[in-house]
Amino acid sequence: AVVSTQSTGGQLHVFFSQRVTEEGRSYPSTANGFYGFLFGLAGVWGPIMSSLYINPWGVSPVEVSNSSTVGSSYIFMDERVLARVSHNWLLIAIVMVVLFLPGFFVIAKTGNDGELDSLLEKKDVRREASSVKEIVMTEQSIFSMTGFALFLTTIGIGTSSMCAFDLFKDFGLKVIDDDSFLNVAGMLIPIVGAVGRIMWGTLGDKMSMRTLFVSGNLLTVILQALMYPCRNNKYSYVIVTAVLSVMPGMMTLLPPSVKKFMGTNNIALKYGVILTGEVVGCMYYLIFTSFLWKQVGDLALVLLMGIPAILAIAPTLIYIKDNQTDLVGALNAD
């Protein structure tokens, strides 16, 4: 159920991100940022359902000392809570249908198929631009170094997302004995993250993409490392994690970045492949939290979570070139 739900949501995210990027020609990053804000609000669903429906009695999880993994050492034993978990999946399915279906009817069925050729004909520069078109579409393929840099950035985004929205509670439960406080914080943090997507989108239309990606990766590493010392104070811990939740908002920069740096040919395929980096980042996180947390310890864990973001910095500095403009955007601007 989890895999099918996440896969469906991921595919719809690819579709809507691509369409919003195409429609918001003047400010593509800002348009995608506002869309990402609405998509990010879905993260509030889990904590709300946990507090109001699944666990309205405020039952605290029980620590299982003989658990083989730290991440699963706090589990619910109350039968009332367990009985409502299965019902929650049906509610999730209903909410997804209600939220996603209107989008298919509202968003017009328009795309960039043939758009470049049409523009070239109108500008009467087909012959002169044909070589440029070929270079843009072939050199910036899925397997180009530009694609590799964006893929590494997406891995870091996936890892930071898991730290902000998943590790937050597992890590906090070890020293913060207040499940109600963590539930309330869990509702506020996704809202902060959703607002952060608007911020990233707005900055994406005003600043260098390379600067944004590099600074975002550096901040991700710092904030993830701060989770360890700040957890001794529950308020500072929530503040650090809330700021960290803004980092996955860099995802809103990916659709316009793919279009700008890799061309419009097969843009959905390119974006879909790069987006799988988020899955790789989540798998990286799960391997350490599920099997190696006890062996490496708390401090080493949060430091290891920053490795994907660190690895993305050098390729981004080298291969993401802000002076590059997609041909369609240039012709539209003329």
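The values are calculated or read from the model by the stated rules, or taken from the named source; none is laboratory data. Only a predicted model underlies this, so the values are computations on that prediction, with no experimental measurement involved. Here the Cβ is made from the backbone with ideal geometry for all residues, glycine too, and neighbour counts use every protein chain on show. Calculation scope for accessible area: heavy atoms of the full protein, side chains included, ligands and nucleic acids excluded. Shrake-Rupley method; radii C 1.70, N 1.55, O 1.52, S 1.80 Å.
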Fill in: Residue check for SER141: surrounded by fewer than 20 Cβ atoms within 10 Å (Cβ to Cβ), of a type outside the set (Asp, Glu) and not in a helix (DSSP H, G or I)
yes
Checked segment 227-276 for anything β-branched (Val, Ile, Thr) and part of a helix (DSSP H, G or I); matches are VAL238, ILE239, VAL240, THR241, VAL243, THR252, VAL258, ILE267, VAL273, ILE274, THR276
Restricting segment 210-236 to residues that are of a type in the set (A, V, I, L, M) and open to solvent by less than 10 Å² (accessible area, probe 1.4 Å), the one nearest to ALA314 (Cα to Cα) turns out to be LEU212
Note on segment 247-273: residues open to solvent by 20 Å² or more (accessible area, probe 1.4 Å) and small (Gly, Ala, Ser) are ALA268, GLY272
With criteria (1) open to solvent by 10 Å² or more (accessible area, probe 1.4 Å); (2) modelled with pLDDT of 90 or more, ILE191 comes up short on (2)
In segment 274-300, residues that are within 14 Å of the chain's Cα centre (by Cα), open to solvent by 20 Å² or more (accessible area, probe 1.4 Å) and β-branched (Val, Ile, Thr) total 3
